[in-house]
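Peer 1: Have a look at the structure that comes next, please.
The values are calculated or read from the model by the stated rules, or taken from the named source; none is laboratory data. Computed from a predicted structure; not experimentally measured. Don't worry about glycine lacking a Cβ; one is built from the backbone with ideal geometry, like all the others, and counts go over all protein chains shown.
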Amino acid sequence: MIHDDIADFAAALPRNRAIAGLDLGEKTIGVAVSDRLLSVATPLETIRRRKFGLDAAQLIDILRARDIGGLVLGLPRNMDGSEGPRCQSTRAFARNFDRQTRIEIAFWDERLSTVAAERALLEADTTRKRRAEVIDHVAAGYILQGALDRLRHLRQGAPA
């Protein structure tokens, strides 16, 4: 099921299962996963996009192998908060993926996640070639960590 509200997503998540985060690009999909306590996001891998069916099958294999209970998709809003064509593409991916599997899906505002990932990789003195190889799944890690932090506040009863 697809949730626009992170609180609804939190309520629907199965207990004691990790969640995954995706950074959907035109050519790649960055994947990150959490621990079962939903506290730490770890960048996992970058998938080269081909056709939706092949991409979905590869993602489903990852989700099953890691017993993932939910999926957070980075929603690439414009800087003014509006939704453009990239958001529409992400929402379409979510609808199509929801037809393939019954996993809980939520969106997370990903503005500047790639910028943050790039900055972290530069600070780590990562080579340009290596940055290009890992940027997407590092960005997915930033997206997922933001959602995990929000979920932690929801569990603690903090106001929205």
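Peer 1: Does the range 36-50 contain at least one residue that is in a strand (DSSP E or B) and basic (K, R)?
Peer 2: Checked against the condition, which is being in a strand (DSSP E or B) and basic (K, R), the range 36-50 yields at least one hit.
Peer 1: Still on this model: When you check G81 against the structure, is it over 20 Å from R102 (Cβ atoms) and assigned to a strand (DSSP E or B), yes or no?
Peer 2: When the stated conditions are applied, G81 does not pass them.
Peer 1: Quick one: R102 ticks every box in (1) touching a residue at least 60 places away in the same chain (Cβ under 8 Å); (2) not in a loop (DSSP other than H, G, I, E, B) bar one, so which box is it?
Peer 2: Just one mismatch for R102, condition (2).
Peer 1: Here are some residues: D98, D35. Which one is under 17 Å from Q145 (Cβ atoms), surrounded by 12 or more Cβ atoms within 10 Å (Cβ to Cβ) and either at pLDDT 95 or above or in contact with a Leu (Cβ under 7 Å, 6 or more places away or on another chain) (or both)?
Peer 2: Exactly one residue qualifies, and that residue is D35.
Peer 1: Taking interchain pairs and intrachain pairs at least six residues apart, which have beta carbon atoms under 9 angstrom, with the first residue in the range 1-16 and within 17 Å of R95 (Cβ to Cβ) and the second charged (D, E, K, R) and assigned to a loop (DSSP other than H, G, I, E, B)?
Peer 2: M1/R102
Peer 1: Which numbered condition in (1) more than 20 Å from I2 (Cβ to Cβ); (2) loosely packed, with under 11 Cβ neighbours inside 10 Å is the only one that T28 fails?
Peer 2: (2)
Peer 1: Could you run through the range 1-35 and say how many residues are more than 13 Å from the chain's Cα centre (by Cα), of a type in the set (D, E) and outside any loop (DSSP other than H, G, I, E, B)?
Peer 2: Counting residues in the range 1-35 that are more than 13 Å from the chain's Cα centre (by Cα), of a type in the set (D, E) and outside any loop (DSSP other than H, G, I, E, B) gives 1.
Peer 1: Does R49 satisfy the condition of being touching an Asp or Glu at 6+ places or on another chain (Cβ under 7 Å) and over 21 Å from Q145 (Cβ atoms)?
Peer 2: Judged against the criteria, R49 is a match.
Peer 1: For the range 40-52, check the following and say yes or no: at least one residue is farther than 18 Å from G141 by Cβ, touching a residue at least 12 places away in the same chain (Cβ under 8 Å) and out of contact with any helix residue (DSSP H, G or I) (no Cβ under 8 Å at 6 or more places or on another chain).
Peer 2: Yes, there is a match, as at least one residue in the range 40-52 is farther than 18 Å from G141 by Cβ, touching a residue at least 12 places away in the same chain (Cβ under 8 Å) and out of contact with any helix residue (DSSP H, G or I) (no Cβ under 8 Å at 6 or more places or on another chain).
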